[in-house]
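Enquirer: Structure provided below as structure tokens; questions to follow.
The values are calculated or read from the model by the stated rules, or taken from the named source; none is laboratory data. No experiment lies behind these values; they were computed from the predicted model shown. Virtual Cβ from ideal backbone geometry, glycine too; neighbours counted across all protein chains shown.
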Amino acid sequence: MSAQEPPSPAVEAVLAFADDELVLGWRDSEWTGIAPFLEEDVAFSSIAQGEIGHARALYELAAGVLGGDADALAFDREPGEYRCAPFVELQLVGDWAATIARHWLYETADSVRVAELVDSDWPELAGLAAKMDREEAYHRLHAQMWADRLRESAERDRFDGKVAELWPYALGLLEPGQRERLAELVGREPVDAIERGAHTEGFAELHGEMTMVRRSVAGARW
Amino acid sequence: MVTTERVWEALGEIADPEIPVISLVDLGVIRDVEVVGRQVRVEFTPTFLGCPAQEVMRDRVAEAVRALGAEPQIDVILDDSWSTDRITAEGRRKLEESGFAPPHLRASAGLMVVQLDAQAFRCPYCGSADTTLENLFGPTPCRSIRYCRSCRQPFEQFKTI
């Protein structure tokens, strides 16, 4: 814990980041058991575990400033209090092309966000970002491998269509100043972003499912 | 009287919960030990943030310190001070003996699929270099799956991070 209290915009940003990772991890885990083949079943489960691990570390960091603990921040807030981007809330399970399109856009956007946090003047956040970056390298490799594979396949148009559809959502993951960098990296023109703030229709159901154990058994630990 | 040497020795006996052939000291997750009177401060730097064995490791470290008659304070360090380069030579040898290809040293490994796919990882069963990457992801966050084309045995490889 830092002696000097970090400015609240930094804590807000950490919470938004944690919410992104938690909700995306949750969505990724929906592929467990039903991915197109066994290797991807394992891969998406492991990626989900990684994202939720990152969410936990970020919530712990935020809890050090706001009070409470990681579980309280992850599961005790009302749906309206979550700051995740609509991009991560979309339920894409069953649609592999859309899932890979989001995976590739998310990991690329995340690399822009993490690269900036590594230089944060909040030392704990900078250290954590550096650790996350090492782990994310494997997520990025996986996403790129699949994006390349789909682009070289007969499903190319379908994949490109999903990337175009998700592009305004992906931009909403980043601060306005970071968006041009993302556009460069993915080779697209910036458009109006679908911003954080309002939740998608499916979020209430996801929130209900995600917090079910916590709500039904007070003080449950797992 | 508890000494830092005795604490390191005790921590060297704690098996990794998921790969019990190597100890927490071999794994490199113990960054520092400091003894002040009856107080023992241990800096614990976990492997992967998503690793579910983190709490078990931390609790076992605390137990080991208590068993020496001292009071533990475990500081969890969540920065990038752990990397697979912290796994000791002894740890790498034990991994290989039990069927895990040890990680590359970071210094020698650029993280690219081409390189992971290169035949640089030897099969821990038959020693052949004719191995291929099967899946970047494995049963735990720290492992990938490879396949040996020579003895036709899949095996696990500790990820380089």
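Enquirer: Consider A:L73 carefully, then state whether it is more than 14 Å from chain B (Cβ to nearest Cβ), buried (at least 20 other Cβ atoms within 10 Å of the Cβ) and not charged (D, E, K, R).
Expert: Considered against the rule, which asks whether it is more than 14 Å from chain B (Cβ to nearest Cβ), buried (at least 20 other Cβ atoms within 10 Å of the Cβ) and not charged (D, E, K, R), A:L73 comes out as yes.
Enquirer: Among B:V40, B:V36, B:V76, B:V61, which is more than 26 Å from B:K159 (Cα to Cα) and either within 14 Å of chain A (Cβ to nearest Cβ) or in contact with a helix residue (DSSP H, G or I) (Cβ under 7 Å, 6 or more places away or on another chain) (or both)?
Expert: Result of the check over B:V40, B:V36, B:V76, B:V61: B:V40.
Enquirer: Also: Out of A:L141, A:L128, A:L150, I need the residue that is over 23 Å from A:F203 (Cβ atoms), surrounded by 17 or more Cβ atoms within 10 Å (Cβ to Cβ), within 14 Å of another protein chain (Cβ to nearest Cβ) and not small (G, A, S). Which one?
Expert: After applying the criteria, what remains is A:L128.
Enquirer: Take the conditions small (G, A, S), modelled with pLDDT of 95 or more and assigned to a helix (DSSP H, G or I) and apply them to A:A57. Does it pass?
Expert: In short, yes.
Enquirer: Out of the residues in region A:111-125 that are charged (D, E, K, R) and more than 14 Å from chain B (Cβ to nearest Cβ), which is farthest from the chain's Cα centre (by Cα)?
Expert: Quick first cut of region A:111-125, residues charged (D, E, K, R) only: A:113, A:116, A:119, A:121, A:124.
Right, trim to more than 14 Å from chain B (Cβ to nearest Cβ) and you get A:113, A:116, A:121.
Numbers: A:R113: 11, A:E116: 16, A:D121: 23 Å.
Checked region A:111-125; the qualifying residue farthest from the chain's Cα centre (by Cα) is A:D121.
Enquirer: Counting only residues that are assigned to a loop (DSSP other than H, G, I, E, B) and of a type in the set (A, V, I, L, M, F, W, C), which one in region B:1-18 is modelled with the lowest pLDDT?
Expert: This residue is B:M1.
Enquirer: Can you tell me which residues in region A:92-129 are over 18 Å from A:W31 (Cα atoms) and either aromatic (F, W, Y) or not in a helix (DSSP H, G or I) (or both)?
Expert: Correct list: A:V118, A:D119, A:S120, A:D121, A:W122.
Enquirer: Return the residues of region A:184-215 that are under 22 Å from A:L150 (Cα atoms) and either among the charged types (D, E, K, R) or touching a residue at least 12 places away in the same chain (Cβ under 8 Å) (or both); say none if nothing qualifies.
Expert: In the first step, residues of region A:184-215 are kept if they are under 22 Å from A:L150 (Cα atoms); the result is A:184-189.
Hits for region A:184-215 are A:E184, A:L185, A:V186, A:R188, A:E189.
Enquirer: Note down all Cβ pairs under 6 Å where the first residue falls in region A:26-39 and is polar (S, T, N, Q), the second is part of a helix (DSSP H, G or I), and they're at least six residues apart or on different chains.
Expert: That search, which allows pairs on different chains as well, returns A:S29/A:A48; A:T32/A:S45.
Enquirer: From B:E71, B:E43, grab the single residue that is under 23 Å from A:D133 (Cβ atoms), in the same structural domain as B:V33 (by TED's automatic domain parsing), acidic (D, E) and at pLDDT 95 or above.
Expert: B:E43
Enquirer: As an exercise: evaluate B:P52 against (1) in a helix (DSSP H, G or I); (2) of a type outside the set (S, T, Y); (3) closer than 23 Å to A:A137 by Cβ and give the number of the one condition it does not meet.
Expert: (1)
Enquirer: If you don't mind, there's one more thing I want to ask. Among what's in region A:153-189 and is of a type in the set (A, V, I, L, M, F, W, C) and surrounded by fewer than 14 Cβ atoms within 10 Å (Cβ to Cβ), pick the residue that is nearest to the other protein chains (Cβ to nearest Cβ).
Expert: A:L185
Enquirer: Within region A:28-42, restricting attention to residues that are assigned to a helix (DSSP H, G or I) and farther than 18 Å from A:T108 by Cα, which residue is farthest from the other protein chains (Cβ to nearest Cβ)?
Expert: This residue is A:S29.
Enquirer: Can you confirm whether B:V21 is in a strand (DSSP E or B), farther than 25 Å from A:A48 by Cα and more than 14 Å from chain A (Cβ to nearest Cβ)?
Expert: Against the criterion (in a strand (DSSP E or B), farther than 25 Å from A:A48 by Cα and more than 14 Å from chain A (Cβ to nearest Cβ)), B:V21 does not qualify.
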